[in-house]
Structure formats: structure tokens, C-alpha cells
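The values are calculated or read from the model by the stated rules, or taken from the named source; none is laboratory data. All figures in this text were calculated on a predicted structure; none of them were measured in a lab. Ideal geometry is used to build each Cβ from the backbone, glycine not excepted, and the neighbour counts take in all protein chains shown.
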Amino acid sequence: MLDRKESVEIRTPDDPALIDLCRQLHELSGSLDFRDATGNYPWPQKQLELCAQYGVFRWFLEPEYGGFGWNDHDLTLGYLALSAACQTTTFVITQRTGACRRIALSGNDFAREQLIPALLDGSRFSTVGISHLTTSRRHLRQAVLRAEETKSGFILNGFSPWVTGAIHADTIVAGAQLDDGRQILTVVPTELPGIQAESPADLVALSASHTGKVSLVDVEVDRQWLLAGPIENVMAQGIGARTGGLQTSTLAIGLTGAAIDFIFTESKNRSDLLPPAEALNEEREALKTILLQSALGAETCGTEELRQRCNSLVLRSTQAALSAAKGMGFVAGHPVGRWCREALFFMVWSCPQPVVNAQMCQLAGIATE
Ligand SMILES: Cc1cc2nc3c(=O)[nH]c(=O)nc-3n(C[C@H](O)[C@H](O)[C@H](O)COP(=O)(O)OP(=O)(O)OC[C@H]3O[C@@H](n4cnc5c(N)ncnc54)[C@H](O)[C@@H]3O)c2cc1C
């Protein structure tokens with residue numbers, strides 16, 4: 001860990017230190033796309049340490065829990081800046097924050113006191129394994145992660161298909177389903193016997209997020225770690241999920257910003273690139289305005305429609321940047337090639353079925369049903 005310097009903590013999104021942090025994240029971002037000497041993609045440890053040092057992990061929690069209590073508008077601005085600089089680090093932060101907020105807002109004082117201080121100062125890492133209750137493996141008859149209630153807590157069996165940074169996690173906030181259909185959300189300390197975080201998957205992009213499957217065999221979790229449930233549809237309670245579907249759209253617009261900035265820079269010597277850069281930027285500004293208004297509670301378009309529009313723009317703008325970079329952009333190591341691959345992530349990340357359907361229709365050139 002770097003020495004903690006109170007003076008560099010970013011307490012508002014207009015703090016110049018945010019630009020400084022983003023410059024460092026941007027400089028480090030390319031290295032995450034290549035395997036290191038061990039043959040693995042490097043985990044963004046240094047990037048996360050920088051974020052801890054700059055107080056980023058405190059943005060998301062209220063002062064009563066040790067955070068700076070940024071509102072959703074400011075969090076959107078923060079995420080836009082971070083995601084334009086490094087998509088992998090920012091994505092890891094979203095999953096980490098998902099865990100922190102669910103722990104802090106659960107009403108479980110034990111879990112909060114045990115975990116939140118070290119999560120906020122960056123000395124511990126937690127992540128989420130919840131997609132199997134929302135957008136993953138929903139078509140299967142049997143729940144992939146099952147819970148059995150006992151006197152002292154719950155026994156978990158099965159797996160969580162996608163857990164970002166699982167091999168680095170001290171705790172995972174996981175969802176599981178009981179035989180009667182009720183569900184729980186619980187902290188699972190990774191030191192418990194029976195937990196196996198499998199080797200991270202090689203991904204089309206964001207491999208450095210070290211996302212992989214976590215298997216659980218007869219894992220006994222004490223009730224003191226229970227965050228919510230047992231109840232039907234535990235995720236609908238929205239514990240800690242304040243920003244709802246806006247976060248994914250925000251990261252897409254952040255990446256769009258990086259791609260458009262690249263085209264503008266190229267257009268200084270190639271004036272033919274200016275009209276498309278301006279048109280894409282106009283669309284980005286419009287979507288950013290909608291995002292910020294939605295974050296303030298003044299929605300002008302539904303979350304799913306916004307998500308679809310952001311997905312469409314991030315795909316088009318990153319590919320436009322590739323066209324501008326020409327063959328050089330297709331060489332491994334050039335950022336636009338990476339941005340194109342990162343943009344594909346938005347087609348699958350926590351993507352609700354109506355957004356998937358709309359995306360498919362758009363790609364097929366047919367009207368959305
Ligand atoms: C890089 C990455 C990181 C992630 N990190 C996290 C994380 O930290 N925490 C977390 O909780 N989640 C995480 N997720 C999960 C993510 O949010 C989505 O839930 C996930 O991408 C959904 O994809 P899936 O393949 O699991 O979907 P599924 O719907 O399970 O689809 C899997 C396969 O099942 C088949 N199938 C799908 N629907 C049907 C159907 N109706 N009938 C028959 N067959 C069907 C298809 O062949 C499909 O390929 C991550 C995902 C990715 C890609």
C-alpha cells in the first residue's frame with residue numbers, strides 16, 4: 001500500500017486531483033491488456049491502491065459509515081472520469097462498491113463493523129456474486145447456488161458463475177436460493193472451508209478484472225453474516241443498489257468519451273474526421289445530460305432505453321476511433337483496439353432481457369417489438 005496522504009483525497013468531482021488520478025490510471029491502463037511474466041493478466045493492484053489513496057472508495061458511502069456521501073449526480077461524474085481513463089479498474093471498483101454498499105446498508109451492524117473500515121481504506125477487498133439471481137443462469141430449472149437453512153445459519157452448495165476479482169477477495173457478497181424459492185444475500189468469507197475461486201477466465205476484454213467462477217461445497221456461513229432474506233426476489237429489495245441500471249450506462253459513456261477524444265486529436269491533422277467526431281460528441285453530450293438528470297431523479301427516458309442508447313453509442317464511437325486509427329489501431333497495444341473490445345462488454349454486462357432483445361433487433365435492422 002502507498003502511504004495514505006489525507007491531502008490528496010478527492011472530495012468533490014471538480015477537485016483537480018481527479019484529473020491527476022485519471023492521468024495515472026490512463027498511463028497504466030495499457031499494461032493490463034498483456035500477460036505478465038507469470039503468463040497471467042496482471043490484477044490492477046497499483047491502480048486500486050491509487051484509488052484508495054485518493055479516497056475513491058469513500059465516495060460511495062454516507063459519512064455515518066466513513067464515506068464522503070457523494071450524491072448520484074457526483075458519482076456519475078466520478079465514474080465518467082474514471083472509466084474514460086481505465087475501464088478495467090473502474091469496472092472492478094463497481095463490483096467492489098456493490099459489495100461495500102450492500103454490507104453498509106444491510107442493517108447488519110456486525111458485518112458493517114467487521115468489514116467496512118478496511119474496505120474503505122483499501123486494505124481489504126470484497127466483491128459480488130449475485131448475477132445468478134438477476135441476469136445469469138435464469139433459464140435453468142435449478143438455482144446454481146443453493147442455500148439450506150440451519151440453526152446457526154446457512155449451508156451453501158453450487159457455484160456463482162461470475163465473480164470479479166474472486167481470487168483476491170477476502171469476502172464475497174453472494175446470493176443463494178432456498179428450496180422453497182426464497183433467496184438470501186450473505187457475506188461469504190473466502191477463508192471458509194469448501195470455497196474454491198477458480199482460475200480467472202480469459203476474456204475478450206477486461207481479463208485483468210480476474211473474473212471467474214466460485215464453487216461452494218457444503219460451505220457453512222454463520223447467520224451473523226446475513227445481509228438480507230430469506231425472502232422471495234431478494235435483489236428487488238435494492239439493498240445498496242441505489243444507482244440501479246445507471247452505472248453500466250455511465251461506464252459506457254466514459255469509454256465513449258475516450259474514443260471521441262481520440263478522433264478529435266486525430267482530426268487536428270485530418271479535417272475530414274471532424275464532422276463525425278462532432279456528431280458523436282453531440283450524441284454523447286445528450287446522453288450524459290440524460291444520465292446526470294436521471295441521477296438526480298429527473299428521468300427523461302427509461303433506464304433500459306438509456307442503456308440501449310449508451311450501448312449503441314459506445315460500439316459506434318469505439319469503432320469510429322478504430323477507423324480513424326486505421327491499421328495502426330488494429331495492432332495489439334494500440335488503445336483503440338482495446339476500447340473496441342471493451343465496448344463489447346456492455347452487450348453482456350448485467351444486460352436485462354429487454355435490452356438484449358432491443359440490441360438484437362437493432363443489429364438485425366428490424367423494428368423492436
Ligand atoms: C467480465 C464479466 C464480469 C462479471 N462480473 C460479475 C461480478 O463480479 N458479479 C456478478 O454477480 N456478476 C458478474 N458478471 C455477470 C454479468 O453481470 C451477467 O450476469 C452475465 O454476463 C450474463 O451472462 P451469462 O452467460 O451468465 O447468461 P446466461 O443467461 O446464463 O446464458 C448462458 C448461456 O445459456 C444459454 N441460454 C441463455 N438463455 C437461455 C434460454 N432462455 N434458454 C436456453 N438457453 C439459454 C446460452 O447458450 C448462453 O450462452 C460478469 C460478467 C462478465 C462477462
Considering residues that are free of Cβ contacts under 8 Å to residues at least 40 places away in the same chain and β-branched (Val, Ile, Thr), the number found within segment 262-313 is 4
Restricting attention to segment 79-125, which residues are under 12 Å from the mean Cα position of the chain (by Cα) and of a type in the set (Phe, Trp, Tyr)?
-> 79, 91
If you check every pair at least six apart or on different chains, which have Cβ atoms under 9 Å apart with a residue in segment 134-152 that is free of Cβ contacts under 8 Å to residues at least 24 places away in the same chain and of a type outside the set (Val, Ile, Thr) first and a residue that is away from the ligand (no atom under 16 Å from the Cβ) and not in a loop (DSSP other than H, G, I, E, B) second?
-> 151/223
Which of the residues that make up segment 287-297 are in contact with a helix residue (DSSP H, G or I) (Cβ under 9 Å, 6 or more places away or on another chain) and either loosely packed, with under 14 Cβ neighbours inside 10 Å or more than 26 Å from residue 368 (Cβ to Cβ) (or both)?
-> 296, 297
Subset of segment 184-212 [more than 9 Å from the ligand (Cβ to nearest atom), out of contact with any Leu (no Cβ under 9 Å at 6 or more places or on another chain) and among the hydrophobic types (A, V, I, L, M, F, W, C)] | 197
Any pair with Cβ under 6 angstrom, 6 or more apart, that starts in segment 48-68 at a residue that is closer than 9 Å to residue 120 by Cα and ends at one that is part of a loop (DSSP other than H, G, I, E, B) and not small (Gly, Ala, Ser) = 55/9; 55/10; 58/68; 67/61
Looking for whichever is within 11 Å of the ligand (Cβ to nearest atom) and not assigned by TED's automatic domain parsing to the domain that holds residue 348 here; the options are 156, 140. Which one fits?
-> 140
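Quick check: anything in segment 105-121 farther than 26 Å from residue 194 by Cβ and either within 12 Å of the ligand (Cβ to nearest atom) or surrounded by 24 or more Cβ atoms within 10 Å (Cβ to Cβ) (or both)?
no
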Give the residue, chosen from 181, 158, that is touching a residue at least 40 places away in the same chain (Cβ under 8 Å), more than 15 Å from residue 226 (Cα to Cα) and surrounded by fewer than 18 Cβ atoms within 10 Å (Cβ to Cβ).
-> 181
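Tell me which residues, restricted to segment 32-51, are aromatic (Phe, Trp, Tyr), over 26 Å from residue 9 (Cα atoms) and surrounded by 15 or more Cβ atoms within 10 Å (Cβ to Cβ).
Residue satisfying the conditions is 41 alone.
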Based on what the data block shows, is residue 195 touching a Ser or Thr at 6+ places or on another chain (Cβ under 8 Å), in the same structural domain as residue 319 (by TED's automatic domain parsing) and either of a type in the set (A, V, I, L, M) or under 30 Å from residue 38 (Cα atoms) (or both)?
-> no
Taking only segment 348-362 into account, find how many residues are crowded, with 17+ Cβ neighbours inside 10 Å, within 9 Å of the ligand (Cβ to nearest atom) and not hydroxyl-bearing (Ser, Thr, Tyr).
-> 2
